[in-house]
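Bear in mind these aren't lab numbers, they're just calculated from the coordinates by the rules spelled out. These figures come from a predicted structure and were not determined experimentally. No Cβ is skipped: glycine too gets one built from the backbone with ideal geometry, and neighbour counts run over all protein chains shown.
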Amino acid sequence: MSVLAYALVAFVLVTAIATALFRDVLSTIVVFGAYSLGMAILYTYLLAPDVAMTEAAIGAGVTTVLLLLTIARTTRPSPDQLFERLNVPAVVAVGAFLLVAGTQVLPEMWAVGDPTAPVWSNAEVSQYYIQNTYADTHVQNAVTAVLAAYRGFDTFGEAVVVFAAGVAVLLVLKREVFV
């Protein structure tokens, strides 16, 4: 992996940890939006532009806006502290896990586009998608074709879940009692 990939992974990890540690709801929402944007950039680096656009639109865009609207329409108590109190054993356990993941797993990840990557171990399926995607779907990007055509019902189901969550948030906001 390149230095850029390691920097993106580090940024995503730092923002994920900050999201968990911030006590102030507004700070948490802003850092969560940065986390989603970092994930979108990481997906773009890994050559998955459709997943990156979804993460940017839903994660960094819609979710952040809905959360900001929610705290704007509800009362917000003033926090005593900026950060949550740390649970030392949990921090040690998570730190050990991240250390093992960073030193053992990340260096073993396959390079983007590496022809020896394990995805090629099931050549029958991989080759079918590579050879027949355009003929079956008339979509040039194989990942987009898989998400939109081959797994269309699954993608539609995910869109329905996101829509239902948005409707639920709007219903909750309209029933909020303002003091």
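The shape of the chain can be summarised by an equivalent ellipsoid whose semi-axes, obtained from the alpha carbon gyration tensor, come to 36, 26, 12 Å from longest to shortest.
In this simple spin-label approximation, Q140 and V167 carry label points 7 Å from Cα along the Cα→Cβ vector, and these lie 3.7 nm apart. Placing a pseudo-label 7 Å from each Cα along the Cα-to-Cβ vector at A72 and V3 gives an inter-label distance of 4.0 nm.
Protection proxy ranking, highest mean first, for peptides 129-138, 25-34, 3-12: 25-34, 3-12, 129-138, where packing is the per-residue count of other beta-carbon atoms within 10 Å, averaged. Extension gain, W110-A10: 0.36 nm per intervening residue step, less the Cα-Cα distance, totals 34.2 nm. Give me log10 I(q)/I(0) at q = 0.22 Å⁻¹ for the range 10-76, Debye formula, one equal scatterer per alpha-carbon, no solvent. Normalising to I(0) and taking log10 leaves -0.87. In degrees from 0 to 90, rounded to the nearest 10, what is the angle of the helix 123-137 Cα long axis to the longest principal axis of the chain? Roughly 80 degrees, rounded to the nearest 10.
Using a simple spin-label model with pseudo-atoms 7 Å out from Cα toward Cβ, A149 and A20 lie 4.1 nm apart.
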